[in-house]
């Protein structure tokens, strides 16, 4: 479900970032997705790198905006060349989406009950 929303947002960003036939840099867009890697940390014979994704929304004509960071994975590399990616489950985000869904459902039920 969330991947569908993300792909729609990306399509929206692509649509609004076009001026004529020239494509504008993502820094000029209202909505931006950024995937970032943290500074690698050496622990024993392993190198650990944390990865995150940020959604940035800028308001046209105003300074500032909204930035929502969330962890996505941890990359573990060993000295013999093996790599392993450990996905991070964002429990807070899952709970937020469940609460948002419940509020939406209750709002619909309350509106339907009034009619």
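The values are calculated or read from the model by the stated rules, or taken from the named source; none is laboratory data. If you're wondering where the values come from, they're calculated on a predicted model, not measured in any experiment. Virtual Cβ from ideal backbone geometry, glycine too; neighbours counted across all protein chains shown.
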Hey, residue 56 surrounded by 12 or more Cβ atoms within 10 Å (Cβ to Cβ), part of a strand (DSSP E or B) and more than 12 Å from the chain's Cα centre (by Cα) or not: no
Enumeration of residues in region 41-53 that are in contact (Cβ under 8 Å) with a residue 12 or more places away in the chain and surrounded by fewer than 10 Cβ atoms within 10 Å (Cβ to Cβ): 45
Given the criteria at pLDDT 85 or above, surrounded by 10 or more Cβ atoms within 10 Å (Cβ to Cβ) and over 14 Å from the mean Cα position of the chain (by Cα), does residue 72 qualify? no
I'd like the residue in region 80-115 that is surrounded by 10 or more Cβ atoms within 10 Å (Cβ to Cβ) and in a loop (DSSP other than H, G, I, E, B) and, out of all such residues, is modelled with the highest pLDDT. 88
